[in-house]
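In what follows, a structure is listed as structure tokens, so that the remarks can point back to it.
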Amino acid sequence: MNNARLTIGEREISLPVIIGTENETAIDVSKLREQTGVITLDDGFANTGSCTSSITYIDGDKGILRYRGYPIEELAEKSTFVETAWTIIWGRLPSSDELRRFSMLLTEHELLHEGLRHHYNGFPVDAPPMAILSAMINSMSCYHHELLRIQDDEGLFEEAAARLISKVRTVAAAAYKMSMGRPLIYAVPEYGYVHNFLHMMFSLPNRPYTADPDIVKALNLILILHADHEQNCSTSTVRMVASGGANLFASVSAGVCALWGHLHGGANQAVVEMLEKIRTEHCSVRDFVEKVKRKENGVKLMGFGHRVYKNFDPRSQILREIARKILQKQGQSDEILDIAQELADLALHDDYFIQRKLYPNVDFYSGIILRAIGIPLMVNPPAAFK
Ligand code: ACO
């Protein structure tokens, strides 16, 4: 099938058909207006790709997610975030030399310019972390003029990617430290990516943080599972801003803002708030589910449903097991996780959710894990975690 035929009134036109690597079929409507004067309407981009891409493959009905052809389950088990990031960027697994070189670049770029550090003084202590993150990423464009116009120069691209991936964790950890009124902690070059983030978050000048390998693994996993997800809200925002020629930092900063929303990346915060509310108000899980079904005050089962996954989200299945393990290891109460499990069990057997194909998504468990590790969630004032 090379073409699709479209009839508009008396007119029939032919549109090119694009076949993906897994035989997915798309109709290319980019010349439709030129040919007919007609545009397409697709409210909320429910069924529109804005470009062809060979990065991520999702089969929402079968619950399949692959980055560059590698199943997410395999990457979750065998890879690290840094290796996965390299794979996503360059399209294949790195050799050990390539991985070492990229890790060295990450180390090289882990510090913040002192000028940037002073920006933190302008934020109130209870500033939302996502506001700080997007502002700081955008501010990086003031310090790296050579990276504002990257064309196809491979060297510069690799450096820009490493700089951004490396500094994001420094910016996030510094925001946390400032909110707590504690001194910033510098990265240790010998530590791995995730270990270093935890060190910058939780070490004190006289009290180094000892990283538990299970926690390092859990955080690696969360980063791997969130590393890419097709043309979703935040990725599309980055692409949209960049398409006008805006620089890398400005584009990614816009993506952070898009991710902030509670229907997207902010859902993990919303899930924890929902579970806490059920717990503190002693609301029965069954009553809560009924409220959701009645759409009372627009209440939703946060962490449920997905634009693409209509059977199960493979990422949530991976995180469910890790959540239980981390909570047990931390000696923390499993009450929140028990409520989550009861909610999931009820919803998965309820016609309302079955008919609408609503299943737990990645955010259903990620917030529980982050909270257990001690990482404040997005919109809570960090001071609340003192
Ligand atoms: N709880 C209760 N009902 C829901 C939920 C939910 N979480 N999600 C969708 N529905 C219902 C809608 O009310 C609607 O019902 P109706 O047919 O009676 O009107 C039906 O299911 C279809 O809903 P849509 O909003 O059209 O579904 P869509 O695929 O556009 O939305 C979304 C996907 C935004 C993720 C939605 O399921 C949702 O709001 N979920 C909760 C927020 C969440 O967990 N977001 C994280 C997604 S993962 C990520 O972004 C990293």
>> So if I average 1/r over every pair of distinct C-alpha atoms in the range 3-67 and take the inverse, what Kirkwood radius in Å does that give?
In response: 13.8
> Under a GNM of the chain (C-alpha, springs under 10 Å), which listed residue has the highest mean-square fluctuation: D59, D212, D313?
Replying inline: D212
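Defining a contact as two alpha carbons under 8 Å apart and six or more residues distant in sequence, what relative contact order in percent does the range 151-279 show? Write down the numbers at each step before the final one.
Numbers: 83 pairs, mean separation 16.6, N = 129.
With pairs under 8 Å counted, the relative contact order is 13 percent.
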> By how many nm would the segment from C142 to E230 grow when fully extended, if each residue of separation counts as 0.36 nm and the alpha-carbon distance is taken off?
Replying inline: 28.7 nm
> For K31, which aspartates and glutamates qualify as cross-link partners when the Cα separation must be under 15 Å and same-chain residues fewer than eight apart are set aside?
Replying inline: E12
> Modelled label-to-label distance, V38 and A26, 7 Å Cα→beta-carbon offset: nm?
Replying inline: 2.1
> Rg and Dmax of the chain, using alpha carbons, in Å: what are they?
Replying inline: 22.3, 79
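Per DSSP helix of 4 or more residues, -39500 (n - 2.57); summed, then divided by the residues of the chain. What does that give at 222 nm, rounded to the nearest 500? Mind dumping the intermediate values first?
On the way: 17 runs with 196 residues, N = 386.
One gets -15500 deg cm²/dmol as the mean residue ellipticity at 222 nm.
Please work out the FRET efficiency for the pair D334 and T210, using the Cβ-Cβ distance as r and a Förster radius of 25 Å; give the result to the nearest 0.05. Show your work: numbers first, answer last.
Values: r = 24 Å, r/R0 = 0.95.
Computed FRET efficiency for D334 and T210: 0.60.
Taking 1 over the mean of 1/r across every pair of different Cα atoms in the range 111-231, what Kirkwood radius in Å do you get? Write out the running numbers ahead of the final one.
Details: mean 1/r = 0.0635 Å⁻¹.
Final number for the Kirkwood radius of the range 111-231 is 15.7 Å.
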> With each pseudo-label sitting 7 Å past Cα toward Cβ, what's the V299-C283 distance in nm, one decimal?
Replying inline: 0.2
>> With the crude spin-label approximation of a point 7 Å out along Cα→Cβ, what separation in nm comes out for L111 versus N3?
In response: 6.3
> Taking 0.36 nm per intervening residue step and subtracting the Cα-Cα distance, what contour gain separates I354 from S95 on full extension?
Replying inline: 88.8 nm
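Which FRET efficiency value, to the nearest 0.05, is calculated for E74 and M104 with the Förster distance at 35 angstrom and r the Cβ-Cβ distance?
Working: r = 26 Å, r/R0 = 0.74.
Result of the calculation: an efficiency of 0.85.
Read-outs: derived from the displayed coordinates by stated rules, not from any lab. Treat the numbers as computed from the prediction; the structure is a model and nothing was measured. We place every Cβ from the backbone using ideal geometry, glycine too, and count neighbours over all the protein chains shown.
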